[in-house]
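**Student:** What follows is a single structure, and I will ask about it in a moment.
Every number here is computed from the coordinates shown, using simple stated rules; none is lab data. Quick caveat: nothing in here was measured; it's all calculated off a predicted structure. As a convention, Cβ positions derive from the backbone with ideal geometry for all residues, glycine included, and neighbour counts pool all protein chains shown.
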Amino acid sequence: MDMWIIPMIIVVAIICAIGLASTRKWQRSDAAVDGQDSAIPKAIEEHPFTLNPIIWVILVAAMFIFIVIFYYATSSY
């Protein structure tokens, strides 16, 4: 068994959890009534990218890739 199978399974589980959480949040959102949405919360208005699940998935995958590259770069010496 390869040494990266377990860490990759953990990363895939985290990515699935992010997708599940964002899907649940999306399903709980209220539909627009009479063509008007509800007000945007202040936290999202100030930092619109913090709750974006795509950014979190990219961040988790990039961290995993960085760890793998760092491991092989330092073990080659």
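**Student:** Under the 0.36 nm per residue contour assumption, what length would be gained going from the current alpha-carbon distance of residue 69 and residue 21 to full extension?
**Tutor:** 14.4 nm
**Student:** Same structure, new question: What FRET efficiency do you get for residue 76 and residue 12 if R0 is 25 Å and r is their Cβ-Cβ distance, rounded to the nearest 0.05?
**Tutor:** Computed FRET efficiency for residue 76 and residue 12 comes out at 0.40.
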